[in-house]
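The values are calculated or read from the model by the stated rules, or taken from the named source; none is laboratory data. Please read all numbers here as calculations on a predicted model, not as lab measurements. All Cβ positions, glycine included, derive from the backbone under ideal geometry; neighbour counts span all protein chains shown. Keep in mind that these areas ignore ligands, DNA and RNA; they rest on the heavy atoms of the full protein, side chains included. Shrake-Rupley method; radii C 1.70, N 1.55, O 1.52, S 1.80 Å.
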Amino acid sequence: MTTKTFSEFLSKLDQTTLRNEITAILSQLFNKARYQEIDKICYLCLGRLAPPHQSIDFNLAEKSMVKILAYTFNRPVEELTEIYKKNGDLGSTAYQLTESRQKGSLSIVELYRKLVIIANQEGSGSQGRKLKLFSELLKQLDPLTNKYLARIPVGKLRLGFSELTILDALSWLKTKNKTLRPDLERAYNVSADIGLVAKTFKKGGLLAIKKIQPQIGIPIRPALAGRLANQEKIIEKLGTFALEPKYDGFRIQIHFSRQLPAEEKSENTLLKPQHSYVRFFSRQMENTTGMFPDLVKEVERFPVESAILDGEAIGFNPRTGKFLPFQETAQRKRKYDVKKTAGKIPLKVFVFDLLYLNGKPILKKSFKKRRLALEKIFQNPTMKSNQLINLTPQRIIKNKSQIEKYFNLYINQGLEGILCKKLNSSYQAGARDFTWVKYKKTMRTNLADTIDCLVLGYYRGRGKRSGFGIGAFLVGVLDPRNESFLTIAKIGTGLSDDQWRQIRRKVDSLKTKEKPKQYSVPKELTPDVWAKPEIVVEIKSDEISKSPIHSSGYALRFPRMERIRQKDPNQSTSLKEVIQLYKIQTCPKN
Ligand code: ATP
């Protein structure tokens, strides 16, 4: 496929918000692609070069792209900055400046190869080399290709769909309907690389998809927890279940193998064969290994050949042994000053699941069996000296009074609450159902839990806050059926001065003239400044009520912002969860 054909497809995708249309266009695109191209096409459509765990990033800021465009089209940077400010989009700027007679084209594989070379430039002078290489590309390609090309390195492609729509489109490709989605989704859940799934499907069809299994080095999409109204409901739903403390740190998926995975061996021939392989992945499935050198050493002592473990990492005070609040633990998630911060904020990992052991996936086994295998690892004498990696304590619970007892115990230890887990269930990769149920301190108060909303835009300030230029902001929740965002609250109080400034700064850096196509916002709620879908905030409120105004049909009473979350927009709270929370409220409390 040529870049010209590819960009014509991108343009069609860019012009529609209708889910079925997007799915149909994508399936036509996949139909035209060869299997050697389809993985690259998937990544590029999502505005990336690789799945999140491969960390191939351009590290180019918008300012750098302005410089690249200025250099390419031989204009002063100031002039380019002006044009960009006017139309608010680097893509349209590149389109406007590219001569219409410029008609060069590349194969999609060649374009991808060149982009990877650009992204891989490192060290001193790398920004200059990126500028030159990218500019060479822009000088070659047609205006429409350049429009989309200029958006990709700065994370601004945003065609309004995620991996899940790609799965639908793959199903359409073969069946003209979504019937293969469950099989494709299963494959993606256990091997979270959309390019790999698409390539496998294109080459080997459904049979090959059914064979996709978890592998060391590719993250499994983490299982998520549902919410229930009260302790009776938990007992009702789960029967006898396992109760665990809920640590408020960050999710960590540990991949360990004494031998390098086959792919790594061929790529890293310099690595000594006796080196074991350790990788950590976050909730967002990014590779976070470099952030935790202290944990790598401990993992290397695991008495197994290979394993994938699921757990939570939390900071602690080495003097008192007490756990740290989330904000402090979060400081360990950094790329710089890693060693210094590791000394200041040591981490403990609490492992709560085992998904793969000695070369075999064990996700399908019951939690009871997986837990037994996990306990066996921790009983090994080599684990005695393991200071930082611990087994999450667990209790088997049969009645309500036991829930209350342990809930109080963990709350008194400063923890967030408990997780209740079905004993006879397989690991529900990528799913939020009632296999796991979270029950938190906040759920005891009136509203059962905070919700994670996307910031859609802000209203300019009047009165006291006019100095900050922001008076309120609009937030929405996710409707996963069509990957759109529906309004749920206008937030005008409950933020510190710093938080107001922070939200305004963030939105300003993401502002866009047009309403992003995936937002469904009633006219009367139109904000003064629209934000591209990027900022996720945790919102606390007193109650959820039905609303005739908001497009979600629900509103938050007395909403206030707790914090900005490091989440992808498509990990915002879904409308379905809001409805569940609404129903929970009406249930009697314990
Ligand atoms: P989610 O991760 O479900 O989207 P969230 O980020 O808001 O939501 P919570 O709702 O607070 O997190 O709870 C779920 C998270 O709790 C898990 O993703 C995991 O990181 C963490 N966690 C802490 N302790 C445990 C445990 N024992 N078992 C499973 N998860 C745990």
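The single condition among (1) in contact with a strand residue (DSSP E or B) (Cβ under 6 Å, 6 or more places away or on another chain); (2) away from the ligand (no atom under 16 Å from the Cβ); (3) not small (G, A, S) that K398 does not satisfy is (1). All of F350, F302 fail the test of being at pLDDT 90 or above and either within 16 Å of the ligand (Cβ to nearest atom) or assigned to a strand (DSSP E or B) (or both), apart from F350. Just so you know, in segment 435-469 the residues that are at pLDDT 80 or above and open to solvent by 50 Å² or more (accessible area, probe 1.4 Å) include one that is nearest to the ligand (Cβ to nearest atom), and it is K441.
Filtered by the rule that a residue be within 21 Å of E298 (Cα to Cα), away from the ligand (no atom under 14 Å from the Cβ), in a loop (DSSP other than H, G, I, E, B) and not acidic (D, E), segment 325-347 gives R334, K335, I345, P346. If I ask for residues that are open to solvent by 60 Å² or more (accessible area, probe 1.4 Å) and assigned to a helix (DSSP H, G or I), which ones from segment 366-401 would you list? The answer is K368, K369, L372, K376, Q379, P381, T382, K400, S401.
Residues of segment 142-201 being among the β-branched types (V, I, T) and closer than 30 Å to T98 by Cβ, which ones?
T145, I152, V154, T165, I166, I194
Every residue, every condition in (1) surrounded by fewer than 19 Cβ atoms within 10 Å (Cβ to Cβ); (2) touching a residue at least 24 places away in the same chain (Cβ under 8 Å); (3) within 16 Å of the ligand (Cβ to nearest atom), yes or no:
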position	(1), (2), (3)
T175	yes, no, no
L180	no, yes, no
L184	no, yes, no
D193	no, yes, no
V197	no, yes, no
K202	no, yes, no
A208	yes, no, no
P219	no, yes, yes
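Are any residues in segment 223-245 within 16 Å of the ligand (Cβ to nearest atom), outside any loop (DSSP other than H, G, I, E, B) and at pLDDT 90 or above, and if so, which ones? Matches in segment 223-245: L224, A225, G226, I234, L238, F241, A242, L243, E244, P245.
Here I314, I308 are screened, and the one residue that is open to solvent by less than 60 Å² (accessible area, probe 1.4 Å), in the same structural domain as S366 (by TED's automatic domain parsing) and within 11 Å of G249 (Cβ to Cβ) is I314. For segment 67-86, does any single residue satisfy the condition of being surrounded by fewer than 20 Cβ atoms within 10 Å (Cβ to Cβ) and of a type in the set (G, A, S)? So far as segment 67-86 goes, no, none of its residues is surrounded by fewer than 20 Cβ atoms within 10 Å (Cβ to Cβ) and of a type in the set (G, A, S).
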